[in-house]
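The structure appears right after this line, and notes come after that.
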Amino acid sequence: MTTNKRIALSSDHAAIELRQAIAAHIKSKGWVAVDIGPTTPESTHYPKHGQAAARLVASGDCQLGIILCGTGQGIMMAANKIKGIRCGTCSDTYSAGMIRQHNDANMLSLGVRVVGDGLALDIVDAFLNASFEGGRHATRVQMIDALQA
Ligand code: RB5
């Protein structure tokens, strides 16, 4: 695949290695990885990193985002606080495709303590290879976005 599409990547300290593996993986598929770290293993705070990647997506600088922490849950909650972000945590490939097809998710969250490296890359591929179906789902996505004050 050839694409100029940019994907924002961030994590907390727990998931640096998997995040870097995902960056290399998506680059090999033709995506531009905008990896904003962190790169050193000191303990850090996932809300800071989740919101930073989410702002890149919300601003249009990046088309999609992939974020990681231990469970994928905390960093997803932080990203979803940013207006315009629809982020789901996935530990299976079916959900990763469906959050784009039906929910028009623009960010994917992964838990490094939940999924192994191989499954994580498959989940990333399922997310990136799916596209929004629109139609009745567009109405529902608009309803989600309207909830954001
Ligand atoms: C950090 O130990 C851990 O709490 C974090 O990575 C994440 O799992 C939070 O949701």
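The values are calculated or read from the model by the stated rules, or taken from the named source; none is laboratory data. Just so it is clear, the model here is predicted, and its values are computed rather than measured. Virtual Cβ from ideal backbone geometry, glycine too; neighbours counted across all protein chains shown. Heads up: the accessible areas ignore ligands, DNA and RNA and are worked out on the full protein's heavy atoms, side chains in. Shrake-Rupley method; radii C 1.70, N 1.55, O 1.52, S 1.80 Å.
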Revision key, fill the gap. Those residues of the stretch 116-149 that are touching a residue at least 40 places away in the same chain (Cβ under 8 Å) and among the aliphatic types (A, V, I, L, M) come to a total of 6
Check your understanding: Would you pick out the residues in the stretch 10-69 that are among the β-branched types (Val, Ile, Thr) and assigned to a loop (DSSP other than H, G, I, E, B)?
Key -> ILE36, THR39, THR40, THR44
Review point. Only one of (1) over 20 Å from GLN20 (Cα atoms); (2) surrounded by 17 or more Cβ atoms within 10 Å (Cβ to Cβ) is not met by THR139, so which one is it?
Key: (2)
Check your understanding: Of all residues in the stretch 122-149, how many are among the small types (Gly, Ala, Ser), assigned to a loop (DSSP other than H, G, I, E, B) and within 26 Å of ALA33 (Cα to Cα)?
Key -> 2
**Study point:** Qualifying residue in the stretch 75-87 (condition: away from the ligand (no atom under 16 Å from the Cβ), farther than 22 Å from VAL32 by Cα and surrounded by fewer than 17 Cβ atoms within 10 Å (Cβ to Cβ))
**Key:** yes
Point to revise | Where GLY60 falls short, out of the listed (1) under 24 Å from ILE144 (Cα atoms); (2) open to solvent by less than 50 Å² (accessible area, probe 1.4 Å); (3) touching a helix residue (DSSP H, G or I) at 6+ places or on another chain (Cβ under 9 Å); (4) without any contact (Cβ under 8 Å) to a residue 40 or more places away in the chain | key: (3)
Revision key, fill the gap. Restricted to the stretch 85-121 and to residues being touching an Asp or Glu at 6+ places or on another chain (Cβ under 7 Å) and assigned to a loop (DSSP other than H, G, I, E, B), the residue farthest from PHE132 (Cα to Cα) is ARG86
**Study point:** Options GLY118, GLY50: the member that is at pLDDT 95 or above and either within 12 Å of the ligand (Cβ to nearest atom) or crowded, with 24+ Cβ neighbours inside 10 Å (or both)
**Key:** GLY50
Practice item. Exactly one condition in (1) surrounded by fewer than 23 Cβ atoms within 10 Å (Cβ to Cβ); (2) more than 11 Å from the ligand (Cβ to nearest atom) is not met by THR44; state its number. Key: (2)
